1. Every residue in the stretch 41-80 that is among the aliphatic types (A, V, I, L, M) and touching a Ser or Thr at 6+ places or on another chain (Cβ under 6 Å), please.
2. Whether any residue in the stretch 74-96 is under 15 Å from V2 (Cβ atoms) and of a type in the set (A, V, I, L, M) is what I want to check.
3. Could you go through the stretch 100-114 and let me know if any residue there is in contact with a Ser or Thr (Cβ under 8 Å, 6 or more places away or on another chain) and within 20 Å of G8 (Cα to Cα).
4. If we scan the stretch 20-37, do we find a residue that is touching a residue at least 12 places away in the same chain (Cβ under 8 Å), open to solvent by 60 Å² or more (accessible area, probe 1.4 Å) and under 18 Å from V119 (Cα atoms)?
5. When the residues of the stretch 51-64 are filtered to those that are loosely packed, with under 12 Cβ neighbours inside 10 Å and either not in a loop (DSSP other than H, G, I, E, B) or not acidic (D, E) (or both), which remaining residue is modelled with the highest pLDDT?
6. For residues that are of a type in the set (V, I, T) and in a strand (DSSP E or B), scanning just the stretch 4-50, find the one that is farthest from A98 (Cα to Cα).
7. Read through the list (1) surrounded by fewer than 21 Cβ atoms within 10 Å (Cβ to Cβ); (2) on the phi < 0 side of the Ramachandran plot, then give the number of the only condition that S85 fails.
8. Within the stretch 88-113, track down each residue that is over 15 Å from Q39 (Cα atoms), of a type in the set (A, V, I, L, M) and either without any contact (Cβ under 8 Å) to a residue 12 or more places away in the chain or surrounded by 15 or more Cβ atoms within 10 Å (Cβ to Cβ) (or both).
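The values are calculated or read from the model by the stated rules, or taken from the named source; none is laboratory data. Quantities reported herein were computed from a predicted structural model and do not represent experimental measurements. Using ideal geometry, Cβ is built from the backbone for each residue, glycine included, and neighbour counts are taken over all protein chains shown. SASA here: full protein model, heavy atoms, side chains in, ligands and nucleic acids out. Shrake-Rupley method; radii C 1.70, N 1.55, O 1.52, S 1.80 Å.
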Amino acid sequence: QVQLVESGGGLVQAGDSLRLSCAASGRTGSRYAMAWFRQAPGKEREFVAAISWSGRTTYYADSVKGRFTISMDNAKNTGYLQMNSLKPEDTARYYCAAGRIYPNTLSNAYNYWGQGTQVTVSS
């Protein structure tokens, strides 16, 4: 089992930056890829970014490419999502997830999920 806890969300203005963190505990020695998803009210959960277990390769949704950066610090068992140039349409609850298959944009491919952290971007 792997437990994931997100943090770092908040209320910001358009153009601002935020860094989300995802702290992992439990069987963190296993080689899991990590991903970030988001879900806005009334919308389906959507893929944002993924990183391989080694941290060497990354994959992004077109909507965030060039603005968001996913990273991983295996020594700290923590993943990150640096979000720059935030837009109101980035407003959502952000979830981190861990899974075996990389890259994968489908939420049902991930075994473990955090509770999410809210990001709200005002215009």
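1. Taking the stretch 41-80 and keeping what is among the aliphatic types (A, V, I, L, M), we get 48-51, 61, 64, 70, 72, 75.
I51, I70 - these are the residues of the stretch 41-80 that are among the aliphatic types (A, V, I, L, M) and touching a Ser or Thr at 6+ places or on another chain (Cβ under 6 Å).
2. No, the stretch 74-96 contains no residue that is under 15 Å from V2 (Cβ atoms) and of a type in the set (A, V, I, L, M).
3. Within the stretch 100-114, the first condition is being in contact with a Ser or Thr (Cβ under 8 Å, 6 or more places away or on another chain), and the residues that meet it are 102-103.
Checking the rest, the ones that are also within 20 Å of G8 (Cα to Cα) come to none.
Taking every residue of the stretch 100-114 in turn, none turns out to be in contact with a Ser or Thr (Cβ under 8 Å, 6 or more places away or on another chain) and within 20 Å of G8 (Cα to Cα).
4. From the stretch 20-37, those touching a residue at least 12 places away in the same chain (Cβ under 8 Å) are 20-28, 30-37; that's our starting set.
Next, from what is left, pick out any that are open to solvent by 60 Å² or more (accessible area, probe 1.4 Å): 27, 31.
This time we only want the ones that are under 18 Å from V119 (Cα atoms), so: none.
Looking through the stretch 20-37, none of the residues is touching a residue at least 12 places away in the same chain (Cβ under 8 Å), open to solvent by 60 Å² or more (accessible area, probe 1.4 Å) and under 18 Å from V119 (Cα atoms).
5. Of all residues in the stretch 51-64, those loosely packed, with under 12 Cβ neighbours inside 10 Å come to 54, 56, 62.
In the following step, the residues that additionally are either not in a loop (DSSP other than H, G, I, E, B) or not acidic (D, E) (or both) were identified as 54, 56.
Values: S54: 87, R56: 91.
Restricting to residues being loosely packed, with under 12 Cβ neighbours inside 10 Å and either not in a loop (DSSP other than H, G, I, E, B) or not acidic (D, E) (or both), the top hit is R56.
6. First, the residues of the stretch 4-50 that are of a type in the set (V, I, T): 5, 12, 28, 48.
Remaining after also requiring in a strand (DSSP E or B): 5, 12, 48.
Details: V5: 11, V12: 27, V48: 13 Å.
So the residue we want is V12.
7. (2)
8. Of the stretch 88-113, the ones over 15 Å from Q39 (Cα atoms) are 98-104, 109-112.
Next, only the ones that are of a type in the set (A, V, I, L, M) stay: 98, 101, 109.
A98, A109, listed by residue number.
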